[in-house]
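Student: Below you'll find the structure I mean.
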Amino acid sequence: MSDNPQLLHVATFCGQCDCGCPELFVDPTAEPEKQIVITDDFGQRIQMSHDQLADLVEQARSGALDVTALQPA
């Protein structure tokens, strides 16, 4: 997905198809607050710090991001 050869691939989410699934990368050349890169299957990307990713992972582990928590009330 990435055109940046500096990006280090960490994970592909889904990966069961050839549709350009979301992916997680580390960009060691970026500023610390932008080293984590998540791309989506529409060509968009977000960048965040390692601490922000750690918080996101912790929220997912705690269940705060379960599908039922993300449903509209």
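The values are calculated or read from the model by the stated rules, or taken from the named source; none is laboratory data. What you see is a predicted model, and the numbers here were worked out from it, not measured in a lab. In this analysis, Cβ positions are derived from the backbone assuming ideal geometry, glycine residues included, and neighbour counts consider all displayed protein chains. Note: accessible area is taken over every heavy atom of the protein model, side chains too, but ligands, DNA and RNA are not part of it. Shrake-Rupley method; radii C 1.70, N 1.55, O 1.52, S 1.80 Å.
Student: Could you please tell me which pairs satisfy a Cβ distance under 6 Å, a separation of 6+ or placement on different chains, a first residue in the stretch 17-41 that is charged (D, E, K, R) and modelled with pLDDT of 95 or more, and a second residue that is open to solvent by less than 30 Å² (accessible area, probe 1.4 Å) and not in a loop (DSSP other than H, G, I, E, B)?
Tutor: Qualifying pairs under 6 Å: 27/37.
Student: Quick one: which of 26, 67, 57 is hydrophobic (A, V, I, L, M, F, W, C) and surrounded by 12 or more Cβ atoms within 10 Å (Cβ to Cβ)?
Tutor: Step by step, each of 26, 67, 57 is checked, and only 26 is hydrophobic (A, V, I, L, M, F, W, C) and surrounded by 12 or more Cβ atoms within 10 Å (Cβ to Cβ).
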